[in-house]
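The values are calculated or read from the model by the stated rules, or taken from the named source; none is laboratory data. Just so it is clear, the model here is predicted, and its values are computed rather than measured. Please note: Cβ atoms are built from the backbone with ideal geometry, for glycine as well, and neighbour counts cover all protein chains shown. Accessible surface is based on the protein model in full, side chains and every heavy atom, while ligands, DNA and RNA are left aside. Shrake-Rupley method; radii C 1.70, N 1.55, O 1.52, S 1.80 Å.
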Amino acid sequence: MSGIDVAESTWPEVSRRLADGWPAVVPIGAASKEHGRHLMLDTDFQQAQWIAARVRATREVVVWPTVNYGYYPVFVDYPGSISLREETFVALLSDILAGIAHAGAARVVLLNTGISTIAPLESLLRQRAQRPPCKLVNVYAGAEFARVSAALAEQRWGGHADEIETSIMLALAPDRVRLSAARAAPVRITRGRFNRTDPGAPNYSPDGINGDPTLASAAKGEALLAAMFADVIAAFDAA
(Lines give C-alpha, C1' and ligand atoms only; values in the text may rest on other atoms or scores of the structure.)
Protein backbone atom coordinates (compact mmCIF):
# COMPACT_ATOMS: atom_id res chain seq x y z
CA MET A 1 0.00 0.00 0.00
CA SER A 2 1.32 3.44 -0.87
CA GLY A 3 1.52 6.45 1.40
CA ILE A 4 -0.31 9.78 1.38
CA ASP A 5 0.50 13.46 0.85
CA VAL A 6 -0.56 15.76 3.67
CA ALA A 7 -1.38 18.52 1.18
CA GLU A 8 -3.82 16.24 -0.65
CA SER A 9 -5.42 14.72 2.46
CA THR A 10 -7.88 15.75 5.14
CA TRP A 11 -6.81 16.02 8.76
CA PRO A 12 -8.74 12.86 9.79
CA GLU A 13 -6.85 10.89 7.14
CA VAL A 14 -3.52 12.22 8.41
CA SER A 15 -4.52 11.46 12.00
CA ARG A 16 -5.58 7.92 11.13
CA ARG A 17 -2.37 7.08 9.25
CA LEU A 18 -0.14 8.51 11.96
CA ALA A 19 -2.11 6.52 14.56
CA ASP A 20 -1.42 3.42 12.45
CA GLY A 21 2.29 4.09 12.92
CA TRP A 22 3.07 5.45 9.47
CA PRO A 23 6.25 7.56 9.64
CA ALA A 24 6.24 11.22 8.65
CA VAL A 25 8.48 12.30 5.75
CA VAL A 26 9.68 15.88 5.27
CA PRO A 27 11.45 16.59 1.95
CA ILE A 28 13.85 19.57 1.87
CA GLY A 29 14.78 21.13 -1.48
CA ALA A 30 15.37 24.71 -2.58
CA ALA A 31 12.94 26.21 -5.07
CA SER A 32 14.94 29.45 -5.40
CA LYS A 33 18.65 28.56 -5.70
CA GLU A 34 20.74 29.16 -8.81
CA HIS A 35 22.02 26.21 -10.81
CA GLY A 36 23.91 27.89 -13.60
CA ARG A 37 22.54 29.18 -16.88
CA HIS A 38 21.23 25.78 -17.91
CA LEU A 39 19.20 24.53 -14.91
CA MET A 40 16.18 26.13 -13.25
CA LEU A 41 16.32 27.61 -9.77
CA ASP A 42 13.94 24.93 -8.51
CA THR A 43 16.33 22.08 -9.36
CA ASP A 44 16.67 20.91 -5.74
CA PHE A 45 12.91 21.20 -5.24
CA GLN A 46 12.25 18.99 -8.26
CA GLN A 47 14.63 16.35 -6.92
CA ALA A 48 13.07 16.45 -3.46
CA GLN A 49 9.60 16.09 -4.94
CA TRP A 50 10.69 13.12 -7.06
CA ILE A 51 12.35 11.31 -4.16
CA ALA A 52 9.39 11.88 -1.85
CA ALA A 53 6.96 10.65 -4.51
CA ARG A 54 9.01 7.48 -5.03
CA VAL A 55 9.13 6.81 -1.28
CA ARG A 56 5.38 7.43 -1.01
CA ALA A 57 4.73 5.00 -3.87
CA THR A 58 6.60 2.16 -2.16
CA ARG A 59 6.12 2.73 1.57
CA GLU A 60 3.29 3.55 3.96
CA VAL A 61 4.29 7.10 4.83
CA VAL A 62 2.74 10.50 5.47
CA VAL A 63 4.59 13.02 3.30
CA TRP A 64 4.59 16.66 4.36
CA PRO A 65 5.03 19.48 1.78
CA THR A 66 8.59 20.09 0.65
CA VAL A 67 10.47 22.76 2.60
CA ASN A 68 11.53 24.93 -0.32
CA TYR A 69 13.58 27.66 1.39
CA GLY A 70 16.71 26.96 3.40
CA TYR A 71 20.27 27.86 4.28
CA TYR A 72 22.19 28.27 1.01
CA PRO A 73 24.64 31.17 1.63
CA VAL A 74 27.18 30.49 -1.13
CA PHE A 75 24.77 31.30 -3.99
CA VAL A 76 23.35 34.67 -2.93
CA ASP A 77 25.29 36.67 -5.56
CA TYR A 78 23.06 35.21 -8.30
CA PRO A 79 19.67 36.89 -8.79
CA GLY A 80 16.80 34.68 -7.72
CA SER A 81 18.81 32.81 -5.09
CA ILE A 82 17.46 33.07 -1.56
CA SER A 83 19.19 31.94 1.62
CA LEU A 84 17.58 32.04 5.02
CA ARG A 85 19.78 32.84 7.97
CA GLU A 86 21.00 29.63 9.58
CA GLU A 87 19.07 30.33 12.77
CA THR A 88 15.92 31.04 10.74
CA PHE A 89 16.24 27.76 8.86
CA VAL A 90 16.79 25.83 12.09
CA ALA A 91 13.82 27.56 13.73
CA LEU A 92 11.64 26.78 10.71
CA LEU A 93 12.44 23.06 10.81
CA SER A 94 12.12 23.01 14.58
CA ASP A 95 8.58 24.38 14.35
CA ILE A 96 7.68 21.95 11.57
CA LEU A 97 8.95 19.00 13.61
CA ALA A 98 7.07 20.23 16.67
CA GLY A 99 3.86 20.33 14.65
CA ILE A 100 4.44 16.84 13.30
CA ALA A 101 5.12 15.56 16.81
CA HIS A 102 1.92 17.21 18.05
CA ALA A 103 0.00 15.47 15.24
CA GLY A 104 1.08 12.12 16.68
CA ALA A 105 3.87 10.87 14.41
CA ALA A 106 5.79 7.89 15.76
CA ARG A 107 8.93 8.78 13.78
CA VAL A 108 10.11 11.33 11.22
CA VAL A 109 12.48 11.11 8.24
CA LEU A 110 14.01 14.25 6.72
CA LEU A 111 14.95 13.88 3.03
CA ASN A 112 17.58 16.56 2.48
CA THR A 113 18.83 17.46 -1.02
CA GLY A 114 21.19 20.24 0.11
CA ILE A 115 24.81 20.35 1.24
CA SER A 116 24.96 23.57 3.28
CA THR A 117 21.78 22.44 5.05
CA ILE A 118 23.44 19.32 6.49
CA ALA A 119 25.28 20.92 9.41
CA PRO A 120 22.29 23.01 10.60
CA LEU A 121 20.00 19.99 10.41
CA GLU A 122 22.47 17.80 12.29
CA SER A 123 22.76 20.51 14.95
CA LEU A 124 18.98 20.74 15.24
CA LEU A 125 18.61 17.00 15.72
CA ARG A 126 21.32 16.97 18.39
CA GLN A 127 19.62 19.76 20.30
CA ARG A 128 16.01 18.65 20.20
CA ALA A 129 14.45 15.89 22.26
CA GLN A 130 14.14 12.90 19.95
CA ARG A 131 10.42 12.52 20.48
CA PRO A 132 9.45 11.28 18.05
CA PRO A 133 12.74 9.84 16.73
CA CYS A 134 13.94 11.78 13.70
CA LYS A 135 16.41 10.56 11.07
CA LEU A 136 18.24 12.78 8.60
CA VAL A 137 18.79 11.27 5.14
CA ASN A 138 21.15 13.29 2.94
CA VAL A 139 20.29 12.05 -0.53
CA TYR A 140 23.68 12.82 -2.09
CA ALA A 141 25.64 11.10 0.69
CA GLY A 142 24.76 7.43 0.12
CA ALA A 143 27.35 4.77 -0.64
CA GLU A 144 25.67 3.49 -3.80
CA PHE A 145 25.29 6.98 -5.19
CA ALA A 146 28.98 7.69 -4.51
CA ARG A 147 29.97 4.46 -6.28
CA VAL A 148 27.86 5.13 -9.36
CA SER A 149 28.94 8.79 -9.52
CA ALA A 150 32.59 7.81 -9.44
CA ALA A 151 32.06 5.21 -12.17
CA LEU A 152 30.15 7.54 -14.51
CA ALA A 153 31.77 10.94 -14.04
CA GLU A 154 34.03 12.20 -16.82
CA GLN A 155 34.55 15.70 -15.41
CA ARG A 156 37.78 16.48 -13.56
CA TRP A 157 35.86 17.94 -10.62
CA GLY A 158 32.31 18.82 -9.71
CA GLY A 159 30.02 19.94 -6.97
CA HIS A 160 27.17 22.12 -8.22
CA ALA A 161 25.08 22.14 -11.41
CA ASP A 162 27.77 19.88 -12.80
CA GLU A 163 27.84 16.72 -14.92
CA ILE A 164 26.21 14.69 -12.14
CA GLU A 165 23.38 17.06 -11.22
CA THR A 166 22.68 17.98 -14.84
CA SER A 167 22.49 14.29 -15.77
CA ILE A 168 19.98 13.76 -12.97
CA MET A 169 17.80 16.57 -14.27
CA LEU A 170 18.05 15.31 -17.87
CA ALA A 171 16.56 12.03 -16.64
CA LEU A 172 14.13 13.56 -14.16
CA ALA A 173 12.82 16.64 -15.98
CA PRO A 174 14.48 17.20 -19.38
CA ASP A 175 12.15 20.11 -20.09
CA ARG A 176 13.87 21.98 -17.26
CA VAL A 177 17.36 21.67 -18.77
CA ARG A 178 18.85 24.08 -21.33
CA LEU A 179 21.94 22.08 -22.20
CA SER A 180 22.90 24.46 -25.01
CA ALA A 181 23.56 27.13 -22.37
CA ALA A 182 25.83 24.88 -20.27
CA ARG A 183 29.55 25.64 -20.01
CA ALA A 184 32.40 24.10 -18.03
CA ALA A 185 33.48 26.02 -14.93
CA PRO A 186 36.73 28.01 -15.41
CA VAL A 187 38.13 27.18 -11.96
CA ARG A 188 37.48 24.62 -9.26
CA ILE A 189 35.69 25.95 -6.19
CA THR A 190 36.61 24.06 -3.04
CA ARG A 191 34.70 26.07 -0.45
CA GLY A 192 33.08 29.41 0.26
CA ARG A 193 30.72 31.80 -1.45
CA PHE A 194 30.62 31.77 -5.26
CA ASN A 195 31.74 35.02 -6.93
CA ARG A 196 30.21 35.86 -10.31
CA THR A 197 31.90 39.22 -10.99
CA ASP A 198 35.62 39.07 -10.09
CA PRO A 199 37.81 36.90 -12.38
CA GLY A 200 40.64 37.21 -9.88
CA ALA A 201 38.68 35.70 -7.04
CA PRO A 202 39.47 32.08 -6.06
CA ASN A 203 35.76 31.27 -6.13
CA TYR A 204 35.09 32.92 -9.49
CA SER A 205 32.10 31.34 -11.20
CA PRO A 206 30.49 33.56 -13.85
CA ASP A 207 27.84 30.91 -14.52
CA GLY A 208 27.26 29.71 -10.95
CA ILE A 209 28.51 26.16 -11.46
CA ASN A 210 31.32 23.95 -10.22
CA GLY A 211 32.17 21.22 -12.72
CA ASP A 212 31.36 20.45 -16.35
CA PRO A 213 27.66 20.04 -17.18
CA THR A 214 28.40 19.66 -20.90
CA LEU A 215 29.30 16.03 -20.20
CA ALA A 216 25.85 15.22 -18.81
CA SER A 217 23.45 12.67 -20.31
CA ALA A 218 20.03 11.26 -19.49
CA ALA A 219 21.47 7.73 -19.39
CA LYS A 220 23.88 8.74 -16.65
CA GLY A 221 21.00 10.43 -14.87
CA GLU A 222 18.87 7.29 -14.88
CA ALA A 223 21.68 5.30 -13.24
CA LEU A 224 22.31 8.07 -10.70
CA LEU A 225 18.64 8.34 -9.75
CA ALA A 226 18.40 4.57 -9.28
CA ALA A 227 21.43 4.65 -6.99
CA MET A 228 20.11 7.64 -5.05
CA PHE A 229 16.75 5.98 -4.50
CA ALA A 230 18.39 2.72 -3.40
CA ASP A 231 20.36 4.63 -0.77
CA VAL A 232 17.31 6.54 0.40
CA ILE A 233 15.17 3.43 0.77
CA ALA A 234 17.94 1.59 2.61
CA ALA A 235 18.32 4.50 5.03
CA PHE A 236 14.55 4.84 5.38
CA ASP A 237 14.05 1.16 6.20
CA ALA A 238 16.89 1.30 8.74
CA ALA A 239 15.39 4.33 10.51
(request) Could you run through the range 43-67 and say how many residues are buried (at least 20 other Cβ atoms within 10 Å of the Cβ) and assigned to a loop (DSSP other than H, G, I, E, B)? (result) 3
(request) Kindly provide the set of residues from the range 4-53 that are hydrophobic (A, V, I, L, M, F, W, C), within 23 Å of A103 (Cα to Cα) and out of contact with any Pro (no Cβ under 7 Å at 6 or more places or on another chain), ordered by number. (result) I4, W11, V14, L18, A19, W22, A24, V25, V26, I28, A53
(message) So, in the range 83-97, how many residues would count as being among the β-branched types (V, I, T) and surrounded by 17 or more Cβ atoms within 10 Å (Cβ to Cβ)?
(response) 2
(request) Kindly list, by first and then second residue, each pair from a residue in the range 96-124 that is at positive phi to a residue that is part of a helix (DSSP H, G or I) and open to solvent by 10 Å² or more (accessible area, probe 1.4 Å), limited to pairs with Cβ atoms under 8 Å and residues at least 6 apart or on different chains. (result) G104/S15; G104/A19
(request) Would you please name the residue that is farthest from A98 (Cα to Cα), looking only at residues in the range 130-152 that are crowded, with 18+ Cβ neighbours inside 10 Å and touching a residue at least 40 places away in the same chain (Cβ under 8 Å)? (result) L152
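Okay, residues lined up against (1) outside any helix (DSSP H, G or I); (2) over 19 Å from A146 (Cβ atoms); (3) modelled with pLDDT of 95 or more:
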{"residue": "G192", "(1), (2), (3)": "yes, yes, no"}
{"residue": "D198", "(1), (2), (3)": "yes, yes, no"}
{"residue": "G208", "(1), (2), (3)": "yes, yes, yes"}
{"residue": "L225", "(1), (2), (3)": "no, no, yes"}
{"residue": "A230", "(1), (2), (3)": "no, no, yes"}
(message) Just checking, does the range 68-77 include any residue being among the aromatic types (F, W, Y), assigned to a loop (DSSP other than H, G, I, E, B) and touching a helix residue (DSSP H, G or I) at 6+ places or on another chain (Cβ under 6 Å)?
(response) yes
(message) I'd like the full set of residues that are surrounded by 15 or more Cβ atoms within 10 Å (Cβ to Cβ), more than 20 Å from L170 (Cα to Cα) and of a type in the set (S, T, N, Q), limited to the range 184-239.
(response) N195, N203, S205
(request) Say whether the condition of being surrounded by 21 or more Cβ atoms within 10 Å (Cβ to Cβ) and out of contact with any Lys or Arg (no Cβ under 8 Å at 6 or more places or on another chain) is met by at least one residue in the range 174-181. (result) yes
